[in-house]
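Student: This is the structure I want to talk about, given as structure tokens.
The values are calculated or read from the model by the stated rules, or taken from the named source; none is laboratory data. These numbers were taken from a predicted model, which means no experiment stands behind them. Every residue, glycine among them, receives a Cβ derived from its backbone with ideal geometry; neighbour counts consider all protein chains shown. For accessibility, only protein heavy atoms count, side chains too; no ligands or nucleic acids. Shrake-Rupley method; radii C 1.70, N 1.55, O 1.52, S 1.80 Å.
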Amino acid sequence: MKRRAFFKKGTKAVIAAGALPLITSSCAGTQDVVYDKKLDKWFHLGTGKTGVPNRKETVEYDVAVIGGGAAGICAAVAAARNGSKTVLVQDRPVLGGNASSEMRVHLNGVNNIEGKAERETGIIEEILLHNRFENEQESFPVFDHVLYDFVVREPNITLMLNTQAIEAVMSGDKIKSALCWQSTTEKLITINASIFIDCSGDGLLAATAGAEYRTGREGKAEFNETYAPDVPDGWQMGATLLMSSKDMGRPMKYSPPSYYIKYTHEGASPRRKFAGYHEGIWWIEVGSQDDIIADFEVNRHKLMGYLHGVWDYIKNSGKFPEAENLALDWVGSLPCRRESRRFIGDYFVSEKDMTEHRHFDDAVAFGGWSLDEHNPGGIENISEPPSYFHYHFKNIYQFPFRALYSKNVANLMFAGRNVSQTHIALSSSRIMATCALMGQAVGTAATICNKKNILPREVAENHMNELQEQIMRDDVFIPKRPANDLNDLAKKASLIFGSSTSSGDAVNLINGISRDIDGEINHWQSDGLSSELQLEWETPINVASVEIKCDTNVKRNIMMRKDSRNDELYNNAIPQEMLKSLSLQGRVKGRWIDLGSIKENRTRLIKFRFDSTNVTAIKVKMKETYGAENVRLFEIRCYA
């Protein structure tokens, strides 16, 4: 057909005449051309010799976790390890959320209760220890890869980076699918799952599912909150943009960019301090009483201007002569958000739940960061303190499971800053390690849902003991709730003793409390190394696994800090108290046999797995720690 006739008749006529196929592949170097009948358009999608013209796919999972920050990682890993085929969807090229190299916020938890930490354990503890082994140089970009390694090594997890869940497809009151866009591959991915967990912070999937949520500040009267405003309003805590600088060893000039916003510090609150400014200034933040999500790009541009304005003040005002040799080494471009949507569950946590340490039968996590409400407006309201530390906790508080699933979307759970709580409660529980505990709880609950073919509310109503026992077995601590797993054979031992004791009692290892807390000792500690711990049973039992919780000093923080702080409260290395080398034996018909050994342990929760063995006793031989003279244990469990 002549070229003129082709264009005269149009593509439809040409196709109808059979002059061109619907999909053609011509000479080498060209790619498939796809004709969409409905849209009457040609699409050139693939590239190279093996291009994929179809950019749509549908995938099936048991659990879909949206958001790859601390909460999302822990949710996905918990679901996967407990047996669910899991997908983790993250809209950035790296994992970690606010703690990633894109934002570089310290992964804080309960890091100071009257001078001591009360560190979170479980999966988040494992992550932080993994970073101490793999990232001695304390590099945030390396931390990205540590997190990547931690996730992709799990055989039950599929990780989708650069992918955003943009819309929920509903079937009645349940989410049937999540429509996701992966920007790097131009793919529209439909994820079908039985359970969805939104850990994305802003909660776009949950919002498009119609899950009820709140924004802004509740009034004082609604929940009888001491620190809430008198009347409700729309203010949400702001997003921060961080930076870091480097001492170049010689004077360094600085000229601000065209978009900078001049900063003078005139009229600023005395609490707006510059201590540690070379590592970033957290009060360079912008809050909002409007749509903080829709205005994100406007606020990002403002924050970049304010950041350079403050740095210009530091470098050129003459008030910081010590900054003469400093130059910006890294500047963030992605603000770290603190607050937006808070979804409503069957329980709505408020200030008094925390400050009065209310007991919850469905407790699955704990917190203890102060009620740390950042002021309305942020840097645009400099006359007020950047943050109001309303209340400092003397003990940790419980957080309930009923605040971690939607009241009106039946198969939706959430973890992180978007959970069911007031603005004032959020000011404490938003801290990343606290959010991680929530993530581990909902990830574990998701697997219970799938195994029993139930929904989250039924877990809360009928299976809370199972959920609590499982997360405690997996090294989560629940305050005021000792573990009592009926399948734990260690509790049936007739005798438990150590070869030497300098502190505590070996019987503490089966009391269900996996740390020293509330002034009570719950450990056994050897008197020197090597040392042994032995359990005896009156009649033979079948054992196939032994699980030990060793000491990593949860009273001292181990998260990575920009200043590499190393003192009584913070540790910048592998905890010296942690058990490094140990072995396990079982007594079979009067003879000791080897069941396993570990030369370089890297976790607080130590697991031995072996073929089922009929024993009358087991013996743990502890040979070496990472530096401590004695070994300290908090728990031992045995399972058939």
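Student: With R457, R430 as the choices, which residue is touching a strand residue (DSSP E or B) at 6+ places or on another chain (Cβ under 7 Å) and among the charged types (D, E, K, R)?
Tutor: Values: R430 fails: touching a strand residue (DSSP E or B) at 6+ places or on another chain (Cβ under 7 Å).
Of the residues listed, the single one that is touching a strand residue (DSSP E or B) at 6+ places or on another chain (Cβ under 7 Å) and among the charged types (D, E, K, R) is R457.
Student: Tell me the residue from S581, S564 that is assigned to a strand (DSSP E or B), of a type in the set (S, T, Y) and either in contact (Cβ under 8 Å) with a residue 40 or more places away in the chain or more than 28 Å from F143 (Cβ to Cβ) (or both), please. Please lay out each step first, then the result.
Tutor: On the way: S564 fails: assigned to a strand (DSSP E or B).
Only one candidate qualifies: S581.
Student: Would you call S597 small (G, A, S) and within 29 Å of V146 (Cβ to Cβ)?
Tutor: Against the criterion (small (G, A, S) and within 29 Å of V146 (Cβ to Cβ)), S597 qualifies.
Results for (1) outside any helix (DSSP H, G or I); (2) buried (at least 16 other Cβ atoms within 10 Å of the Cβ), shown as yes or no for each residue.
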| site | (1), (2) |
| --- | --- |
| Q468 | no, yes |
| A483 | yes, yes |
| L486 | yes, no |
| R515 | yes, yes |
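Student: A further question on this structure: Filter the stretch 310-338 down to residues that are surrounded by 20 or more Cβ atoms within 10 Å (Cβ to Cβ) and among the small types (G, A, S) and give me whichever is nearest to the chain's Cα centre (by Cα).
Tutor: Filtering first and then ranking leaves G332.
Student: Out of L467, L509, L495, L489, report the one residue that is touching a Cys at 6+ places or on another chain (Cβ under 6 Å) and at pLDDT 95 or above.
Tutor: Values: L467 fails: touching a Cys at 6+ places or on another chain (Cβ under 6 Å); L509 fails: touching a Cys at 6+ places or on another chain (Cβ under 6 Å); L495 fails: touching a Cys at 6+ places or on another chain (Cβ under 6 Å).
L489 is the lone residue from the list that is touching a Cys at 6+ places or on another chain (Cβ under 6 Å) and at pLDDT 95 or above.
Student: Restricting to the stretch 255-288, what's the tally of residues that are part of a loop (DSSP other than H, G, I, E, B) and in contact with a strand residue (DSSP E or B) (Cβ under 7 Å, 6 or more places away or on another chain)?
Tutor: Counting residues in the stretch 255-288 that are part of a loop (DSSP other than H, G, I, E, B) and in contact with a strand residue (DSSP E or B) (Cβ under 7 Å, 6 or more places away or on another chain) gives 3.
Student: Now a separate question. For a quick check of your reading of the model, give me the residue pairs whose first member lies in the stretch 181-195 and is free of Cβ contacts under 8 Å to residues at least 24 places away in the same chain, whose second is part of a strand (DSSP E or B) and open to solvent by 50 Å² or more (accessible area, probe 1.4 Å), with beta-carbon atoms closer than 9 Å and at least 6 apart or on different chains.
Tutor: As it stands, the answer is W181/Q164; W181/I166; W181/K187; W181/L188; Q182/Q164; Q182/L188; S183/Q164, since those pairs meet every condition given.
Student: Any residue in the stretch 527-554 that's under 15 Å from F497 (Cβ atoms) and open to solvent by 20 Å² or more (accessible area, probe 1.4 Å): show its pairings with residues that are among the basic types (K, R) and assigned to a strand (DSSP E or B) at Cβ separation under 8 Å, as long as the two are six or more apart or on different chains.
Tutor: Correct list of pairs: E532/K619; E532/K621; Q534/K619.
Student: Looking at the stretch 324-353, which of its residues are more than 29 Å from L95 (Cβ to Cβ) and touching a strand residue (DSSP E or B) at 6+ places or on another chain (Cβ under 8 Å)? Talk me through it step by step, then tell me what you get.
Tutor: So in the stretch 324-353, the residues more than 29 Å from L95 (Cβ to Cβ) come out as 324-327, 346-348, 350-353.
Across the stretch 324-353, the qualifying residues are N325, L326, A327, D346, Y347, F348, S350, E351, D353.
Student: Checking E136 against (1) part of a helix (DSSP H, G or I); (2) open to solvent by 40 Å² or more (accessible area, probe 1.4 Å), which single condition isn't satisfied?
Tutor: With (1) part of a helix (DSSP H, G or I); (2) open to solvent by 40 Å² or more (accessible area, probe 1.4 Å) applied to E136, the lone miss is (1).
Student: Here's another thing I want to ask about it. Taking the stretch 116-131, which residues are open to solvent by less than 10 Å² (accessible area, probe 1.4 Å) and in a helix (DSSP H, G or I)?
Tutor: Matches in the stretch 116-131: I123, I124, E125, I127, L129, N131.
Student: Could you please find all residues in the stretch 494-526 being free of Cβ contacts under 8 Å to residues at least 40 places away in the same chain, among the polar types (S, T, N, Q) and closer than 15 Å to K619 by Cα?
Tutor: S499, S500
Student: Considering the stretch 588-631 alone, what residues qualify as being in contact with a helix residue (DSSP H, G or I) (Cβ under 7 Å, 6 or more places away or on another chain) and open to solvent by 40 Å² or more (accessible area, probe 1.4 Å)?
Tutor: R602
Student: Filter the stretch 356-390 down to the residues that are in contact (Cβ under 8 Å) with a residue 40 or more places away in the chain and more than 25 Å from V286 (Cβ to Cβ) and list them by number.
Tutor: Hits for the stretch 356-390 are H357, R358, H359, F360, D361, D362, A363, V364, A365, F366, G367, G368.
Student: Answer yes or no as to whether G318 is assigned to a loop (DSSP other than H, G, I, E, B), in contact (Cβ under 8 Å) with a residue 60 or more places away in the chain and farther than 18 Å from W235 by Cβ.
Tutor: In short, no.
Matching residues to (1) touching a strand residue (DSSP E or B) at 6+ places or on another chain (Cβ under 8 Å); (2) at pLDDT 95 or above; (3) not in a strand (DSSP E or B):
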position: W42; (1), (2), (3): yes, no, no
position: G51; (1), (2), (3): no, no, yes
position: T58; (1), (2), (3): yes, yes, no
position: Y61; (1), (2), (3): yes, yes, no
position: A71; (1), (2), (3): no, yes, yes
position: A79; (1), (2), (3): yes, yes, yes
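Student: Among the residues of the stretch 470-481, count how many are in contact with a Lys or Arg (Cβ under 9 Å, 6 or more places away or on another chain) and part of a loop (DSSP other than H, G, I, E, B).
Tutor: Residues meeting the conditions: 3.
Student: Output the residues belonging to the stretch 195-230 that are open to solvent by less than 10 Å² (accessible area, probe 1.4 Å) and part of a strand (DSSP E or B).
Tutor: Matches in the stretch 195-230: I195, F196, I197, D198.
Student: Of (1) farther than 30 Å from L605 by Cα; (2) out of contact with any Lys or Arg (no Cβ under 8 Å at 6 or more places or on another chain); (3) assigned to a loop (DSSP other than H, G, I, E, B); (4) acidic (D, E), E167 satisfies all except one. Which?
Tutor: E167 satisfies every listed condition except (3).
Student: Tally the residues that are within 24 Å of T603 (Cα to Cα) and in a loop (DSSP other than H, G, I, E, B), restricting the search to the stretch 518-548.
Tutor: 8
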